[in-house]
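The values are calculated or read from the model by the stated rules, or taken from the named source; none is laboratory data. Not measured: the values here are computed from a predicted model. Glycine gets a Cβ as well: all are built from the backbone with ideal geometry, and neighbour counts include every protein chain shown.
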Amino acid sequence: MQYQEALQRLLSDDAIRMQALYAVRALKLSDGWIGAGFVRDAVWDSLHGYGQRPISGDVDVVWHDAERCDPAQDSELEEELRQHACAFNWSVRNQARMHQRNGNAPYLSTENALRYWPETATAVAVRAAGPERIEIIAPYGLSDLFELRLRQTPPFEREKLAVFSQRVAAKRWRERYPMLQLILPE
């Protein structure tokens, strides 16, 4: 519970991230959230004493609606977000179809889809649920995120471990966040 409250406070105090959360809330997406680096980087920046930094990379909007799986819908939502909040590089993906790309069984919800993301610290999503209220989904919990552990999720422990390792290298997390502990399967 302490990590949940810490994350809620961290995001609530970040006017830029709150602007993005309110923009996504205005879309009224089915099971809609912002996840990945949007959350992870805010926490790691804070824990490394970097303070609030601009959002780097995409703002990953994830949602789940099995009735609206056409990728063109995601593109339309990205355009709508750009019109309302052009400061962000929006990336919208309906998780109801992403299982196909990843070779998994269909995802049942956004939270279920997060179970198939590569890192536990990245498999976290948030949304503005009301004034000053932030909801969080984190199927692997928040301890790895807040305790600076870079660990793969179970689907990436064996056959997909190379994908995890490539992401760690490409994103240069250990250079950007030197206090991270890389945890590999035994």
Q: Test each condition in (1) closer than 24 Å to Leu21 by Cα; (2) of a type in the set (A, V, I, L, M); (3) out of contact with any helix residue (DSSP H, G or I) (no Cβ under 7 Å at 6 or more places or on another chain); (4) at pLDDT 95 or above for Ala129 and report the one that comes out false.
A: (4)
Q) Do any residues in segment 100-124 that are closer than 24 Å to Gln166 by Cα and touching a residue at least 12 places away in the same chain (Cβ under 8 Å) have Cβ atoms under 6 Å from those of residues that are among the acidic types (Asp, Glu) and not in a loop (DSSP other than H, G, I, E, B), where the two are at least six apart or on different chains, and which pairs are they? A) Thr120/Asp144; Ala121/Asp144
Q: Tell me which of these Ala87 doesn't satisfy, since it passes every other one: (1) free of Cβ contacts under 8 Å to residues at least 12 places away in the same chain; (2) more than 18 Å from Leu114 (Cβ to Cβ).
A: (1)
Q) Quick one: is Ala138 closer than 26 Å to Ala15 by Cα, among the small types (Gly, Ala, Ser) and at pLDDT below 95? A) no
Q | Residues (of a type in the set (D, E, K, R) and surrounded by 15 or more Cβ atoms within 10 Å (Cβ to Cβ)) located in segment 7-57 | A | Asp14, Arg17, Arg25, Asp31, Arg40, Asp41, Asp45
Q: Examine segment 105-116 for a residue that is within 14 Å of the chain's Cα centre (by Cα) and assigned to a loop (DSSP other than H, G, I, E, B), and state whether such a residue exists.
A: yes
Q. Which of the strands (runs of 3 or more DSSP E) contained wholly in segment 9-95 include at least 3 residues that are within 18 Å of Ala121 (Cα to Cα) and at pLDDT 95 or above?
A. 33-35, 58-63
(Q) Just to be sure I understand the filter: pairs with C-beta atoms under 9 Å, separated by 6 or more residues or on different chains, first member in segment 14-28 and touching a residue at least 12 places away in the same chain (Cβ under 8 Å) and closer than 21 Å to Tyr50 by Cβ, second member of a type in the set (Val, Ile, Thr) and part of a helix (DSSP H, G or I). Which pairs pass? (A) Arg17/Val39
